[in-house]
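Right, one structure below, let's go through it.
The values are calculated or read from the model by the stated rules, or taken from the named source; none is laboratory data. Keep in mind it's a predicted model, so treat the numbers as computed, not measured. Here the Cβ is made from the backbone with ideal geometry for all residues, glycine too, and neighbour counts use every protein chain on show.
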2 protein chains.
Amino acid sequence: MNTLELIKRISRPTPSKIVLLVLDGLGGLPGPETGKTELETASTPNLDGLAARSVCGLSDPVGPGITPGSAPGHLALFGYDPVSYNIGRGVLEAVGVGFDLQPKDIAARGNFCTVDGAGLITDRRAGRIPTEKNAELCRLLDGMVVDKIKVLVHPVREHRFIAVFRGEGLSPDVTDSDPQQVGAAPDIITALSPADEKMAAIANQFVAQAKTVLAEHIPANMVLLRGFSQQPHFPSMAEIYKLKPAAIASYPMYQGLARLVGMDVLPAGTSIEDEFNTLAQNYGDYDFFFVHVKGTDAAGEDGDFHRKVRAIEEVDRALPQLTNLQPDVIVVTGDHSTPALLKGHSWHPVPALLYSEYCRTDSVTEFSESACILGGLGHFPATQIMPLAMANALKLTKFGA
Amino acid sequence: MNTLELIKRISRPTPSKIVLLVLDGLGGLPGPETGKTELETASTPNLDGLAARSVCGLSDPVGPGITPGSAPGHLALFGYDPVSYNIGRGVLEAVGVGFDLQPKDIAARGNFCTVDGAGLITDRRAGRIPTEKNAELCRLLDGMVVDKIKVLVHPVREHRFIAVFRGEGLSPDVTDSDPQQVGAAPDIITALSPADEKMAAIANQFVAQAKTVLAEHIPANMVLLRGFSQQPHFPSMAEIYKLKPAAIASYPMYQGLARLVGMDVLPAGTSIEDEFNTLAQNYGDYDFFFVHVKGTDAAGEDGDFHRKVRAIEEVDRALPQLTNLQPDVIVVTGDHSTPALLKGHSWHPVPALLYSEYCRTDSVTEFSESACILGGLGHFPATQIMPLAMANALKLTKFGA
């Protein structure tokens, strides 16, 4: 029996409320001048005060040394083992742009690319065409019907798009056309089993027609498809935890991930204050809230140490809006680290605090990477956050007699 | 998907370099006079200085409470789950003497022993005959052909040898002839399934012929065989980590373990300075170096607390030879603990430090058991060392989008 099955057996609905506040990319690395991380540099009296009443620790989203993408990082926070609960690339892109995937849809990630006269790829990203140009080209391809299958083409950013195949008899088990290198021709998409022949044929026909349509649109005169996939069927948080969960996140990717585990998505607005207002307004209607803050990660990705510090301070200033609601359990953590020093996601464990009346407070009085090392949660897998939150909300019954 | 499969998917070759320095049996127990372990007693300014720039912790090679042999201890450090990746005793001995095992060979560990007139064992180790005598006796048995199967007999040390059965239709699934006690007759080797009957018959015939050949060679007038086994097929470090790995170890056992995971074995010399010279000379040709120091374990096994302290200090004095090369990642740890107090391997977690520019330094400024408890790596399985080293060398790409 895995942990989710166990939790499903012992979870029970109660009126108690859990708020999971995710500061995307929260964990950092010391800045060279001060030897302090972004979180250690930020002035965070409210988070520190909450940490003092909480149990703290450092969590690994996927595992030691593993740098998580956004999807694995969030699935772990929702309690789903991110290695077992896998989301295909095409579906993830569709989720990321808020595309309304149907259960039988097959989604692929697409690149506009450049091919030469011999059909060989000279640029896998078509010179990173502007997003506006992308949208214009997608309109040329969108809605094409191939052998009764409708192909929906939707722009993402720059050269990236999604192709969603809608109709009967499709399957995701086909190879990519993207050879992931220049100098080669796009690969023929092939079926992994006889049942997948139809999908492969349709996808190849779509690619051929797209090539014709795009012929004059150099540098974007061809498409590459990869990561054919179907919406996964994850057990919902309602099923597992017997929660009525809601997501407050302003980016489509996180809204989409929340929908995949059965959360309602509430309007998030554009600032942390907006998000906390949404939380307050809907506080009576749900018993679990996932609140997502993007600014921390965005600053880290840009390598902007001080902007990340300010993004953390902004959350800290707004925090009383959340704590004043007096949720039974508050978790504050990140889905992974995004140190400004590395300008990207990293493998470093993520500070986490869990507040409840029953959390068994530790000696940590500052919410920071170095302080959390000595916390009562220790160094733990992020998938343990939900069982701990559930327990602290008194939503788990005894295991065994 | 297990961790190695995951790492294999996300690893990438880069020019960055990792050095794994293993002080065999590093962990210890407090001496009764001072309450300090061997490592805490040793004067180690260089290791302490490195620890201050590193992230530290305590690692369990196999699991809490489990005392590892040399093979599991090292396999864990190389990232291979030592319970799943098992090496038979015969193969381990063959590996230990650098014997060139073929894939179908069946290797057994042998003891020369003494039997009395009734055929009962009076000394399982034949009075620990000198290695020279052992070699002479092995020459008498080596190359014997039993029913078209060639038996290769190779000396190890004192009373120990290996018997390697080479030919068609053999299998490792037979019982030992060594009853592991005196006063008993050697056991008949028996097949564990009908398919193993041939192996059992050949092994018994070899034992019978060896008894005849050795009849006049008291105290070494009989042989005992155990641990029949076949070379395991481990995925190589090149496959998993995309590393070009080299081993610098002066004992055949560690060279052999390194070969099993695909490392090149470099000439190690006889001292730690020799080993570090080899490291410097070959530094440009590899991106991963396993450097093995035996003195710490040997002193611990002998119960010689102060010799173990000196062995640690010797490494510390030579350490600048390593750090001056400025590897991107340096790991210093042991394959297990060997407290002088216990005169043998033990289950105690092993101090570990990992240095890199991106390691997120913790508050530990002394490389010792008690200081490492408070380190940023916490208390962790030794199999996590390689994923962490790989991550810190920026050799792992993101998992999931």
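Cβ separations smaller than 7 Å between residues 6+ apart or across chains give the following pairs from segment A:200-229 residues that are assigned by TED's automatic domain parsing to the domain that holds A:Thr175 and part of a loop (DSSP other than H, G, I, E, B) to residues that are surrounded by fewer than 20 Cβ atoms within 10 Å (Cβ to Cβ) and of a type in the set (Gly, Ala, Ser): A:Pro219/A:Gly127; A:Asn221/A:Ala215. Here B:Ala247 passes the criteria (1) part of a loop (DSSP other than H, G, I, E, B); (2) touching a His at 6+ places or on another chain (Cβ under 8 Å); (3) of a type in the set (Gly, Ala, Ser) except the one numbered (1).
Can you tell me which residue among A:Thr278, A:Thr333, A:Thr296 is at pLDDT 95 or above, in contact with a Lys or Arg (Cβ under 8 Å, 6 or more places away or on another chain) and crowded, with 17+ Cβ neighbours inside 10 Å? The match here is A:Thr296. A:Val265 meets all of the listed conditions (1) β-branched (Val, Ile, Thr); (2) in a helix (DSSP H, G or I); (3) not assigned by TED's automatic domain parsing to the domain that holds A:Glu168 but one, namely (2). Within segment A:35-44, not a single residue is surrounded by fewer than 24 Cβ atoms within 10 Å (Cβ to Cβ), within 24 Å of A:Val309 (Cβ to Cβ), away from chain B (no Cβ under 14 Å) and acidic (Asp, Glu).
Of everything listed in (1) surrounded by fewer than 22 Cβ atoms within 10 Å (Cβ to Cβ); (2) farther than 25 Å from A:Glu136 by Cβ, the single unmet condition for A:Val261 is (1). All but one of (1) among the β-branched types (Val, Ile, Thr); (2) away from every other protein chain (no Cβ under 12 Å); (3) within 25 Å of A:Thr323 (Cβ to Cβ) hold for A:Ile7; state the number of the condition that does not hold. Checking A:Ile7 against (1) among the β-branched types (Val, Ile, Thr); (2) away from every other protein chain (no Cβ under 12 Å); (3) within 25 Å of A:Thr323 (Cβ to Cβ), the one that fails is (3). Out of curiosity, is B:Pro351 under 17 Å from B:Lys36 (Cβ atoms), crowded, with 24+ Cβ neighbours inside 10 Å and under 21 Å from the mean Cα position of the chain (by Cα)? Considered against the rule, which asks whether it is under 17 Å from B:Lys36 (Cβ atoms), crowded, with 24+ Cβ neighbours inside 10 Å and under 21 Å from the mean Cα position of the chain (by Cα), B:Pro351 comes out as yes. Evaluating A:Leu75 against the criteria (1) within 10 Å of another protein chain (Cβ to nearest Cβ); (2) farther than 25 Å from A:Ala391 by Cβ leaves one unmet condition, (2). Those residues that are in contact with a strand residue (DSSP E or B) (Cβ under 7 Å, 6 or more places away or on another chain) and more than 10 Å from chain B (Cβ to nearest Cβ), I need them from segment A:92-102; list them, please. If the condition is that a residue be in contact with a strand residue (DSSP E or B) (Cβ under 7 Å, 6 or more places away or on another chain) and more than 10 Å from chain B (Cβ to nearest Cβ), then A:Ala94, A:Val97, A:Phe99, A:Leu101, A:Gln102 are the ones that fit.
If I go through segment B:209-218 residue by residue, how many of them are of a type outside the set (D, E, K, R) and under 32 Å from the mean Cα position of the chain (by Cα)?
Step one: of segment B:209-218, the residues of a type outside the set (D, E, K, R) are B:209-210, B:212-215, B:217-218.
After this cut, where a residue has to be under 32 Å from the mean Cα position of the chain (by Cα) as well, the list is B:210, B:214.
Residues meeting the conditions: 2.
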